[in-house]
Amino acid sequence: MLTSALGAGPKAFLNATFSAGPASALVAVLPFILQSAGKRRGVLLVSKTASLITVVLTGAGLAGAKATVLDGTTDGVTVAPEPGFVPPTQRNVGADGALKLGPYAIAIVWASP
């Protein structure tokens, strides 16, 4: 999923401050910019918990953005009977910036231009 989404070209990974109180330990956040002609921006999210979690993203272009999520669910809520065989799914970030993630999710959120 990461190779097909991010490609093999150069990328700039940015430092970010993530604050969600005690929930900060549950999700790793890494913003990035692809160094190709389009300079596409996005955020890589990695859930470090076996529980379902909702993250709220703030920042330019993130509300209503598209996300590619690999988490063993099809909707971010119901874990599939065979979660290891669920392919990555496309989801929309809510207008409020909310994105539901399943257990141990990996998500790439593409910021709107």
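Just so it is clear, none of the values below were taken in a lab; they were calculated from the coordinates. From a predicted model like this one, the values you see are computed outputs, not experimental measurements. Methodologically, a virtual Cβ is constructed for each residue, glycine included, from the backbone with ideal geometry; neighbour enumeration extends over all protein chains shown.
Quick look at the values:
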{"item": "Theoretical gain in end-to-end length, Leu26 to Val56 [0.36 nm per residue, Cα-Cα removed]", "result": "9.5 nm"}
{"item": "Residue order, fewest to most beta carbons within 10 Å, for Phe85, Phe32", "result": "Phe85, Phe32"}
{"item": "Whole-number Å³ per residue for the convex hull built on Cα positions in segment 41-113", "result": "72"}
{"item": "Placed amide H near Arg40: partners under 5 Å, 5+ positions off or other chain", "result": "Leu34"}
{"item": "Cα-projected label distance for Asn92 with Lys48, points at 7 Å along beta-carbon direction, nm", "result": "3.2"}
{"item": "Within segment 84-113: backbone nitrogen closer than 16 Å to the Ser36 label point (7 Å, Cα to C-beta)", "result": "108-113"}
